[in-house]
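Asks: Submitted below is the structure of interest, expressed as structure tokens.
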Amino acid sequence: MSIEQSRDLLPRHGAGQEPLHDLLDLPCAIAAEIVAADRPDSRLVIDIGSGPDTVLHRFLAALPDARGVWADVSSAMAALARDRLASYAPRVDFQLADMTDMRGLPFPADVIASSHASHHLSPRQLRQFYAEAHARLVPGGWLVNLDHTYSASAEWDRRLRAARTALIPLAPAGHGSHDIATPPTAAEHLGALRAAGFTDLDVPWRVFPTCLFMARRGERDG
Ligand SMILES: C[S@@+](CC[C@H](N)C(=O)[O-])C[C@H]1O[C@@H](n2cnc3c(N)ncnc32)[C@H](O)[C@@H]1O
């Protein structure tokens, strides 16, 4: 895939789409702030499905002792991310990795983050992703996932997406410009997080169908 084709997969990053991009920077900032207040000495942050990056730079700014791992299945995305993360280059490792099999990634991590990537996963893969993340976090470490969800009610799904399109005209009208399966509901995310072993979890930000899920691994989890 060329870099130009990669850009086409990213409706939020195109020319003139700053309103939505700015809106989605807020949950990244909220997540980094919450983690920095809880684990200011964090050493390792992994961003999986990192793409051209919206999340990792926020954590590197908020956690000065941390190294970051940019991880994605796409080498074309790595080229975009190297520009975006240039000012943090000495602290960032780039690794091609699939979020359905994180065995090649370093661990334990203080933070495993992802944004706008988990909607590519089936419900079974989502549960596996959260379970793997839980196992690969240090006790007290954080799982952060910002992604579109599907509403359990078709009517609410229509309302939310219509309101988003009306208020942010450049937002994609559907689930995005690429062919993806129906994303999991917010309840399915929370259920999968609980099934993975997370008990300390919440949705600290939600706008339209996009939710920020945060879950902290318990200090005494096995
Ligand atoms: C819409 S982009 C989001 C990029 C970035 N995280 C953001 O929020 O702007 C989705 C990214 O997920 C990556 N991706 C899709 N499936 C993946 C998988 N199974 N494992 C790792 N990355 C994946 C794609 O290559 C792409 O870079």
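Asks: Tabulate in residue order the Karplus-calculated ³J(HN,Hα) for region 210-218, using 6.51 cos²θ - 1.76 cosθ + 1.60 with θ = phi - 60°, rounded to whole Hz; enter x for Gly and Pro.
Replies: 9, 10, 9, 9, 10, 9, 10, 5, x
Asks: Same structure, new question: Quick one: how many Å² of GLU132 are accessible to a 1.4 Å probe, rounded to 10?
Replies: 40 Å²
Asks: With a 1.4 Å probe and every protein chain left in place, tell me how much accessible area THR199 has, in Å² to the nearest 10.
Replies: Counting only protein heavy atoms, THR199 exposes about 120 Å² to solvent.
Asks: Which FRET efficiency value, to the nearest 0.05, do you get for GLU33 and ALA152 by plugging their Cβ-Cβ distance into 1/(1 + (r/R0)^6) with R0 = 41 Å?
Replies: Working from the Cβ atoms, E equals 0.85.
Asks: Same structure, new question: Quick one: Karplus J couplings for region 44-61, per residue in order, coefficients 6.51, -1.76, 1.60, θ = phi - 60°, nearest Hz, x for Gly and Pro?
Replies: Each residue's phi maps through the Karplus curve to give 9, 10, 10, 10, 9, x, 5, x, x, 5, 10, 9, 4, 4, 5, 6, 5, 5 Hz.
Asks: Checking the a/c ratio against 1.5 first, then a/b against b/c, what shape does the Cα gyration tensor give for region 49-142?
Replies: Details: a/c = 1.96, a/b = 1.26, b/c = 1.56.
Because a/c hits 1.5 or more and a/b fails to exceed b/c, region 49-142 counts as oblate.
Asks: Out of region 20-74, which trypsin sites (Lys or Arg not before Pro) are coil in DSSP terms and have no more than 14 other C-beta atoms within 10 Å? Spell out each step's value before the answer.
Replies: Values: sites: ARG43, ARG58, ARG67; in loops: ARG43.
Sparse-neighbourhood loop trypsin sites (Lys or Arg not before Pro): ARG43.
Asks: Under a point spin-label approximation (7 Å from Cα along Cα-to-Cβ), what is the ALA61-THR165 distance to one decimal in nm?
Replies: The two pseudo-label positions are separated by 3.2 nm.
Asks: When the Debye formula is applied to the Cα atoms of region 27-90, each taken as the same point scatterer, what base-10 log of I(q)/I(0) results at q = 0.14 Å⁻¹?
Replies: -0.36
Asks: Multiply the residue separation of ALA135 and ALA89 by 0.36 nm, subtract the distance between their alpha-carbon atoms, and state the gained length in nm to one decimal.
Replies: Values: separation 46, 0.36 × 46 = 16.56 nm, distance 2.77 nm.
This chain segment gains 13.8 nm when fully extended.
The values are calculated or read from the model by the stated rules, or taken from the named source; none is laboratory data. Since we're looking at a predicted model, the values are computed, not measured. Backbone-built Cβ (ideal geometry, glycine too); neighbour counts: all protein chains shown. Heads up: the accessible areas ignore ligands, DNA and RNA and are worked out on the full protein's heavy atoms, side chains in. Shrake-Rupley method; radii C 1.70, N 1.55, O 1.52, S 1.80 Å.
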